[in-house]
Each structure stands twice: as C-alpha cells, then as structure tokens.
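Okay, structure first, notes after.
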Amino acid sequence: MKIKVIDEDIKNGEPGNCKSCAISQALKRYFKTNETYTEIDDATGDVLLTVNNKKYVVDQKDETDVYYFISDFDALIDPYSYPDPDPIEFYIEEIK
C-alpha cells in the first residue's frame, strides 16, 4: 500500500516522538486510527511501522529515502537548525 506524508503531517508531527512523528501522522490518516508507531531498528537500520499491533516494513526501494526523511524530520527538534523535509510517498507491506 502507498503511504503519502503530506505537508500537514509534517506540520502536525512531533520530531523525536515515534507515536506522533510525520510518518505516524500519515499512518493515522491512512488507517484511520491513533495506534501507530514508527521506528528504526538499531541492529539493522530497517524502518519498522506498527499500526494497531500489526507490523509493516517499507518497500526496499523506498527504505533509504524514508530513513533519511525520518532523520531530517527528527532534526526539527531544534526548529531553527533545519528546514522542514519535503513530503514523501512510499510503499509498505505487512509482515506476516
């Protein structure tokens, strides 16, 4: 499935908060739920997403872009240091 992180998600997202970051905001909108979690696996560097206790991975072709988006977004903790990242689209699939 295709996830679109839009300007509104970036504006309403909270840097450094796995439950309220821009990607989690997009997942909340797409899945119509508040139960989302976005993280980067420390051991593998993979982007892992959880929605309503279901696990998803980012398509391999999009993973580097999403990883850098998360890094850029989290840098907004100091809002005067970096500009907002651009919106992004990527594909995810459920881990069975």
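The values are calculated or read from the model by the stated rules, or taken from the named source; none is laboratory data. The structure displayed is predicted, hence computed values, not measured ones. In this analysis, Cβ positions are derived from the backbone assuming ideal geometry, glycine residues included, and neighbour counts consider all displayed protein chains. With ligands, DNA and RNA removed, areas are computed over all heavy atoms of the protein, side chains included. Shrake-Rupley method; radii C 1.70, N 1.55, O 1.52, S 1.80 Å.
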Check: Within region 68-91, can you find the residues that are assigned to a helix (DSSP H, G or I) and over 13 Å from the mean Cα position of the chain (by Cα)?
Finding: Ala75, Leu76, Ile77
Check: In region 68-80, which residues are surrounded by 15 or more Cβ atoms within 10 Å (Cβ to Cβ) and among the hydrophobic types (A, V, I, L, M, F, W, C)?
Finding: Phe69, Ile70, Phe73, Ala75, Leu76
Check: Which one is surrounded by the most Cβ atoms within 10 Å (Cβ to Cβ) among residues in region 81-96 that are out of contact with any strand residue (DSSP E or B) (no Cβ under 6 Å at 6 or more places or on another chain) and within 21 Å of Asn12 (Cβ to Cβ)?
Finding: Pro85
Checklist line | Filtered residue count, region 34-67, keeping only those that are farther than 14 Å from Lys19 by Cβ, among the aromatic types (Phe, Trp, Tyr) and within 10 Å of the chain's Cα centre (by Cα) | finding: 1
Note to self: Just to be sure before I move on: is Asp65 open to solvent by less than 20 Å² (accessible area, probe 1.4 Å) and either of a type in the set (D, E, K, R) or assigned to a helix (DSSP H, G or I) (or both) in the structure I sent?
What the structure shows: no
Next item on the list: Restrict the check to region 27-44 and report whether at least one residue is in contact with a Leu (Cβ under 7 Å, 6 or more places away or on another chain) and of a type in the set (A, V, I, L, M, F, W, C).
Entry: yes
Next item on the list: Starting from region 1-26, take each residue that is on the phi > 0 side of the Ramachandran plot and list its partners that are part of a helix (DSSP H, G or I), counting only C-beta distances under 6 angstrom and pairs at least six apart or across chains.
Entry: Gly16/Asp74; Gly16/Ile77
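Need at least 2 residues that are within 20 Å of Lys96 (Cα to Cα) and open to solvent by 50 Å² or more (accessible area, probe 1.4 Å) per element, so show me which strands (runs of 3 or more DSSP E) inside region 1-56 make the cut, counting only ones lying wholly within it.
Correct list: 36-40.
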